[in-house]
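J.: Quick one: the structure is below, questions incoming.
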Amino acid sequence: MSDNWDHITKIDPDKEISQEKLDRVVQSGTDALMISGTQGVTQEKLQKVLDMLKDCNLPKILEPSDPSTVIYDGFDDIYVPSVVNAMDPTWIMGHHKNWAVEFDPKWRRITKEAYIVLNPDSAVGMVTRSKTDLSVEEVAAYATISEKYYGFPIVYIEYSGTFGDPEVVKAVSEALDEAKLFYGGGIKSEEQSKEMSRYADTVIVGNVIYEDDLDVYLSTVEGAKKK
């Protein structure tokens, strides 16, 4: 994990992207690529993305939603999320336990993420049954416990598909001392990227790369670099 990443691009293996568009993403100035998806991810789809990135020198991070889809070769890091506000404990520690029992996790390659999911209509919100009707103080408390008690080095505020509340992100930023704050969700302009970058160490941008106008995505890189 780098202390200097302003902008990470999230690539969903379950979505189609052309080689030309992916090459422009690689050349955009983004600091790293996160390969991640909630549904429909397989090892074959992951490998297809890796094959498309064979000439890419950016850090490549795998963020698995299920241990059975983990590929170690080809990735620089593996960021494993625990959805700390999930009402289904499978997403807090259950999948992780299965990974330890059934597979062979290379623990030195793994970085822990405390996810706080705040969009109830998102796929990740519904799958994990996340409790999203939280006050600003409650979200900040989740972040505090994640860092101080459980020792997560990353706290990830995830609005997944919709632009979140900057006041929530600000409160979480003020609650953290050493953990890095990631923000993801609905960033579709330079202004939105710059606004969330005022509080988050790193903004994560994903859905916008699958839309027609890639210049919009490129503007999010510029916004993150202007914080």
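J.: What is the number of the single condition among (1) in contact with a strand residue (DSSP E or B) (Cβ under 9 Å, 6 or more places away or on another chain); (2) not in a helix (DSSP H, G or I) that T38 does not meet?
T.: Every condition holds for T38 apart from (1).
J.: Return the total of residues in region 88-113 being over 18 Å from Y150 (Cβ atoms), aliphatic (A, V, I, L, M) and in contact with a strand residue (DSSP E or B) (Cβ under 7 Å, 6 or more places away or on another chain).
T.: Residues in region 88-113 being over 18 Å from Y150 (Cβ atoms), aliphatic (A, V, I, L, M) and in contact with a strand residue (DSSP E or B) (Cβ under 7 Å, 6 or more places away or on another chain): 0 in total.
J.: Considering only residues of region 194-213 that are surrounded by fewer than 24 Cβ atoms within 10 Å (Cβ to Cβ) and assigned to a loop (DSSP other than H, G, I, E, B), which is modelled with the lowest pLDDT?
T.: Residue satisfying both the conditions and the ranking: D212.
J.: Answer with yes or no whether G186 is part of a loop (DSSP other than H, G, I, E, B), among the small types (G, A, S) and under 15 Å from V117 (Cβ atoms).
T.: Details: part of a loop (DSSP other than H, G, I, E, B): yes; among the small types (G, A, S): yes; under 15 Å from V117 (Cβ atoms): yes.
In short, yes.
J.: Let me ask something additional. Would you pick out the residues in region 93-148 that are surrounded by 15 or more Cβ atoms within 10 Å (Cβ to Cβ) and of a type in the set (S, T, N, Q)?
T.: T111, N119, S122, T128, S130, T132, T144, S146
J.: Is there a residue being within 18 Å of the chain's Cα centre (by Cα), assigned to a loop (DSSP other than H, G, I, E, B), closer than 23 Å to D212 by Cβ and not polar (S, T, N, Q) anywhere in region 49-60?
T.: Taking every residue of region 49-60 in turn, none turns out to be within 18 Å of the chain's Cα centre (by Cα), assigned to a loop (DSSP other than H, G, I, E, B), closer than 23 Å to D212 by Cβ and not polar (S, T, N, Q).
J.: Any residue at all in region 109-120 that's at pLDDT below 95, farther than 21 Å from K60 by Cα and basic (K, R)?
T.: The answer is no; no qualifying residue exists.
J.: If you don't mind, there's one more thing I want to ask. Does T30 meet the test of being in contact with a helix residue (DSSP H, G or I) (Cβ under 9 Å, 6 or more places away or on another chain), at pLDDT 95 or above, outside any loop (DSSP other than H, G, I, E, B) and among the polar types (S, T, N, Q)?
T.: no
J.: I'm checking my understanding of the structure. Among residues of region 172-193 that are in contact with a helix residue (DSSP H, G or I) (Cβ under 8 Å, 6 or more places away or on another chain) and of a type in the set (D, E, K, R), which one is nearest to S219 (Cα to Cα)? First the steps, then the outcome.
T.: If we filter region 172-193 for residues that are in contact with a helix residue (DSSP H, G or I) (Cβ under 8 Å, 6 or more places away or on another chain), which is where we start, we get 172, 174-179, 181, 183, 186-193.
Still in the running and of a type in the set (D, E, K, R): 174, 177-178, 188, 190-191.
Numbers: E174: 27, D177: 30, E178: 29, K188: 8, E190: 5, E191: 9 Å.
Among them, the one singled out is E190.
J.: Is one or more of the residues making up region 143-162 of a type in the set (A, V, I, L, M, F, W, C), in contact (Cβ under 8 Å) with a residue 12 or more places away in the chain and over 15 Å from V84 (Cβ atoms)?
T.: no
J.: Quick check: anything in region 57-65 touching a helix residue (DSSP H, G or I) at 6+ places or on another chain (Cβ under 9 Å), surrounded by fewer than 15 Cβ atoms within 10 Å (Cβ to Cβ) and of a type in the set (D, E, K, R)?
T.: No, region 57-65 has no match at all.
J.: Which count do you get for residues in region 187-202 that are touching a residue at least 60 places away in the same chain (Cβ under 8 Å) and among the hydroxyl-bearing types (S, T, Y)?
T.: Residues of region 187-202 that are touching a residue at least 60 places away in the same chain (Cβ under 8 Å), as a first pass: 193, 197, 201-202.
From the residues that got through so far, the ones that are among the hydroxyl-bearing types (S, T, Y) too are 193, 197, 202.
Residues flagged as touching a residue at least 60 places away in the same chain (Cβ under 8 Å) and among the hydroxyl-bearing types (S, T, Y) within region 187-202 amount to 3.
J.: Just checking, how many residues over region 214-224 are surrounded by fewer than 20 Cβ atoms within 10 Å (Cβ to Cβ) and closer than 27 Å to K112 by Cα?
T.: Counting residues in region 214-224 that are surrounded by fewer than 20 Cβ atoms within 10 Å (Cβ to Cβ) and closer than 27 Å to K112 by Cα gives 0.
The values are calculated or read from the model by the stated rules, or taken from the named source; none is laboratory data. Not measured: the values here are computed from a predicted model. All Cβ positions, even for glycine, are placed from backbone atoms using ideal geometry, and neighbour counts span all protein chains on display.
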